[in-house]
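A quick write-up on the structure given underneath.
Nothing in this text is a laboratory measurement; each read-out follows from the coordinates by a stated rule. What you are looking at is a predicted structure, and each value in this text was computed from that prediction instead of being measured. Because the Cβ atoms are built from the backbone with ideal geometry, glycine has one as well, and the counts that use them run over all protein chains shown.
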């Protein structure tokens, strides 16, 4: 048996949220809600297929564009954004949000996968950083949707 040659780095994180898919999807797609728990510097534009929206984080100032490749309510959102050490020719990574109903639709399994990182030290460092970021986003999404709490407020500074 031989090891496959690793072409790029990707990661997947997931978690359950005790709300139906439609409600969780809306918390991700709606810029007003996203700003309340994740893009604390602001989000402009709804996550809809073909849109380019702007995200800003209070702890990492500076707006940056996010392209929405696909949005299929209430189950899927695919975005692309610029990244240092991307394996794609266009210098971007792809992040996919999949929402799956569980427990008869009462809960949602949210799975976030980000791909297209170079198999280098910088690629690994940036992929690990974003993996931590998306894990934090999932925790913040859960706290927001289930309890109306903003976990990011004061967390990074």
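Considering only 61, 20, 31, the mean-square fluctuation computed in a Gaussian network model of the chain, springs between alpha carbons under 10 angstrom, is largest for 61. Taking the inverse of the mean reciprocal distance over all distinct Cα pairs, the Kirkwood hydrodynamic radius of region 1-46 comes to 13.6 Å. Comparing 53, 119, 110 in a Gaussian network model of the chain, where Cα atoms under 10 Å apart are tied by springs, the biggest mean-square fluctuation is seen for 119.
For the chain, the mean residue ellipticity at 222 nm estimated from helices alone is -9000 deg cm²/dmol, where every DSSP H run of n ≥ 4 contributes -39500 (n - 2.57) and the total is divided by all residues, rounded to the nearest 500. Between the alpha-carbon centres of region 3-25 and region 37-85 there is a gap of 16 Å. Could you tell me how many degrees, from 0 to 90 and to the nearest 10, lie between the Cα long axis of helix 121-147 and the main elongation axis, the longest principal axis, of the Cα atoms of the chain? Approximately 10 degrees, to the nearest 10. Based on the Stokes-Einstein relation at 25 °C and a viscosity of 0.890 mPa s, and on the Kirkwood radius from alpha carbon pairs, the chain is assigned a translational diffusion coefficient of 153 µm²/s.
Could you tell me the distance between the Cα centroids of region 136-157 and region 94-132, to the nearest Å? With region 136-157 and region 94-132 each reduced to a Cα centre, they are spaced 17 Å. Comparing 48, 98, 23 in a Gaussian network model of the chain, where Cα atoms under 10 Å apart are tied by springs, the biggest mean-square fluctuation is seen for 23. Once the Cβ-Cβ distance of residue 58 and residue 26 is raised to the sixth power relative to R0 = 30 Å, the FRET efficiency obtained is 0.85.
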